[in-house]
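Since the structure comes first, as structure tokens, the remarks are kept for the end.
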Amino acid sequence: MEQPDHTDADLAAVLHALGDPVRLDLVRRMAGDGESACSPEGLDVPRSTLSNHWRVLREAGITRTRRDGKARLMTLRRAELDARFPGLLAAVLGEDGARRAPSSG
């Protein structure tokens, strides 16, 4: 399973991947929980559709997939995305000032 180099990440592909509500939910879950199984609990999406969502996220360079026996586990490539597109994930995920520098004034 090919995983793109983070320096090849294309902003349009990343924004397209994050623009879908299901994929955005998957990214939010990984941002909060770390790794995610390929079929996370509480997500009412057909398995084939979910597989496609994971593929889009992986090909956009947003996630990394690793095998653990028969299971596939996905992680958010946060550091790589923050290096390539500073502040993008924080903005998309609606994170508060916890990751931003304090403002003066």
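Would a scan of region 93-103 turn up a residue that is among the hydroxyl-bearing types (S, T, Y), surrounded by 14 or more Cβ atoms within 10 Å (Cβ to Cβ) and at pLDDT below 95? Full working, then the answer.
Pass one, region 93-103, residues among the hydroxyl-bearing types (S, T, Y): 103.
Now drop any that are not surrounded by 14 or more Cβ atoms within 10 Å (Cβ to Cβ), which leaves none.
Checking region 93-103: not a single residue is among the hydroxyl-bearing types (S, T, Y), surrounded by 14 or more Cβ atoms within 10 Å (Cβ to Cβ) and at pLDDT below 95.
For region 44-77, what are the residues that are touching a Gly at 6+ places or on another chain (Cβ under 9 Å) and in contact (Cβ under 8 Å) with a residue 60 or more places away in the chain? Steps first, answer last, please.
Of all residues in region 44-77, those touching a Gly at 6+ places or on another chain (Cβ under 9 Å) come to 75-77.
R77 - this is the single residue of region 44-77 that is touching a Gly at 6+ places or on another chain (Cβ under 9 Å) and in contact (Cβ under 8 Å) with a residue 60 or more places away in the chain.
Just to be sure I understand the filter: pairs with C-beta atoms under 9 Å, separated by 6 or more residues or on different chains, first member in region 20-42 and closer than 13 Å to V56 by Cα, second member among the polar types (S, T, N, Q) and surrounded by fewer than 13 Cβ atoms within 10 Å (Cβ to Cβ). Which pairs pass?
V22/T49
The values are calculated or read from the model by the stated rules, or taken from the named source; none is laboratory data. Because the structure is predicted, anything quoted here is derived from the model rather than measured. Here the Cβ is made from the backbone with ideal geometry for all residues, glycine too, and neighbour counts use every protein chain on show.
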